[in-house]
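Rule-based calculations on the coordinates, nothing more; no lab input. Bear in mind that the values here come from a model prediction, so they are computed numbers and not experimental data. Cβ sites come from the backbone with ideal geometry, for glycine too, and all protein chains shown count toward neighbours.
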Amino acid sequence: MSRRQIFAGNWKMYTTHGEAMALVEGILAGLSGVKDREVIVFPPSPWAKAVAERCAKTSIAVGMQNMYYENEGAFTGEVSPAMVRDAGCRYVLIGHSERRHVFGENDGEVNRKVKAALSHGLEPVLCVGELLDEREKDLTDEVLARQVNGALEGVDAAGMKKVIVAYEPVWAIGTGKVATPEIADGAHRVIRRLVGERFGEETASVLPILYGGSVKPDNIAGLHAMEEIDGVLVGGASLKAESFLDIIRVK
Ligand code: 13P
């Protein structure tokens, strides 16, 4: 089954405006000749519009790291789906583990955000993944079922075609502890089965499922070789053009 291959960089709360623009320039300069894979960057929200303008008519797509689900209102500090669109973003990360565990987002909020993204023509990158404690207690499949089913409640088959899932085990994020290719592949299989049960095999078979958590140039090859891994969502190693490009160019 040939699926989209997606290499995404989540810049989190890093980069000045100047650094963000230099980073995108560096990535663009190294992308000529890269044909069979898609590249997405998620800059901090204040730089999203400038990055999106620079990336228009290039092979890099741009996404926002988060948004709120209401259309507008007295929600100080939040960004609406229409604002994400207006900034030139095609994608939006929903339910990143830092949103869930630092800011307390729950599955219900994640679900409202997924539906709001879809209804505004945005393509959500839904992030799921278990904590170390949950993995050690053998609860990974249960956690994935709760997160996937919770996030996709009320989403229809047409909407699901616009969703990307990122499996990011919390214990592997920013820790240098990458999941083994086999662990990641196994979790992706569980996610694809869950999506198949809700939306049918055909939809599940084309769903891109990305792995995230300490992806680096020196561990990408093993991950990329796995059948169920359709790309990666990279944090730290996406902040330098050269290391992100080394990951994107994996054979
Ligand atoms: P690191 O690659 O820095 O572990 O971060 C992963 C991540 O959270 C990407 O969204």
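Some points to look at:
- Global size of the chain: 16.8, 48 Å for Rg and Dmax (C-alpha atoms, Rg to one decimal, Dmax whole).
- Gaussian network model of the chain, springs between alpha carbon atoms under 10 Å - residue of Glu202, Glu182, Glu53 with greatest fluctuation: Glu202
- Kirkwood hydrodynamic radius of the stretch 74-183, Cα pairs, Å: 14.8
- Hydrodynamic radius (Kirkwood) for the stretch 16-147, which is based on Cα pairs only, to one decimal in Å: 16.1
- Note on Lys57 and Val34: their simple-model spin labels are 2.1 nm apart, each label 7 Å out from Cα toward Cβ.
- The value given for the stretch 122-163 is a Kirkwood hydrodynamic radius of 11.4 Å, derived from the mean inverse Cα-Cα separation.
- For the stretch 182-189, the Karplus equation 6.51 cos²θ - 1.76 cosθ + 1.60, evaluated at θ = phi - 60°, returns couplings of 5, 5, 5, 4, x, 5, 5, 4 Hz by residue, with Gly and Pro reported as x.
- Proximal aspartates and glutamates to Lys12, defined as alpha-carbon separation beneath 14 angstrom and excluding residues fewer than eight positions away on the same chain: Glu98
- Residues whose amide H lies under 5 Å from that of Tyr91, counting only those 5 or more places away or on a different chain, are Val62, Gly63, Met64, Glu123; hydrogens are built 1.01 Å from N in the peptide plane.
- Spin-label proximity, Ala22 to the stretch 50-72 - amide N less than 19 Å from point 7 Å beyond Cα toward beta carbon: 50-52, 54-55
- Exceedance of the 19 Å cut-off in Cα-Cα distance is limited, within the set Lys177/Lys216; Lys35/Lys161; Lys115/Lys162, to Lys35/Lys161.
- The distance linking the stretch 31-63 with the stretch 226-251 is 14 Å (Cα centroid to Cα centroid, whole angstrom).
- In nm, spacing of pseudo-spin labels at Glu197 and Glu136 (7 Å Cα→C-beta vector): 2.7
- Using 0.36 nm per residue and subtracting the Cα-Cα separation, the extra length available between Arg146 and Arg189 on full extension is 13.9 nm.
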